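The structure under discussion appears below in the form of structure tokens.
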Amino acid sequence: MLTGLLLAAAAANQGGGDGGAPDALGPFVNMMLVPMAIIIPLYYFMIIRPDRKRQAESKALLDGMKVTSRVVTAGGIKGVISKVNREADEVTLLIDEATGTKMRIALSSIIRVESDEASKKKSGDK
């Protein structure tokens with residue numbers, strides 16, 4: 001970087017007295033703008049866009065939940081939704097149907113809703 005500054009200063013001295021400062025800043029501006037023009041779109045397409053897509057999928061998943069949906073939590077607990085309270089941001093899961101064990105969890109801890117076809121196949125195989 002220091003050698004670049006020295007080269008730019010030497011170029012400004014050779015350029016004459018008619019506006020040597022703009023000539024000296026020209027290479028620096030180009031050296032900074034070109035990489036920034038490349039980095040900003042890459043950052044958007046590699047970080048921001050996939051994150052927004054993931055958030056939209058998660059929101060659609062949580063909005064599509066209803067009572068009797070089979071879900072899996074972030075902790076690996078599987079259950080059936082028996083009550084959804086969106087104002088309190090919580091869901092009541094029926095974990096064990098034989099004993100009627102229920103658990104209240106945060107709505108955001110649900111990571112997957114199992115499809116109805118898969119649950120019908122599992123219950124049909126038993």
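Listed values, structure above:
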quantity: Near pairs, Cβ below 8 angstrom, 6+ apart or cross-chain, from segment 83-97 (at positive phi) to any residue that is part of a strand (DSSP E or B); calculated: ASP89/ALA106
quantity: Qualifying residue in segment 68-86 (condition: assigned by TED's automatic domain parsing to the domain that holds LEU107, at pLDDT below 90 and charged (D, E, K, R)); calculated: yes
quantity: Residue that is more than 30 Å from THR101 (Cα to Cα), at pLDDT 90 or above and of a type in the set (Gly, Ala, Ser), where the choices are ALA10, ALA56, ALA24; calculated: ALA56
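The values are calculated or read from the model by the stated rules, or taken from the named source; none is laboratory data. Please read all numbers here as calculations on a predicted model, not as lab measurements. As a convention, Cβ positions derive from the backbone with ideal geometry for all residues, glycine included, and neighbour counts pool all protein chains shown.
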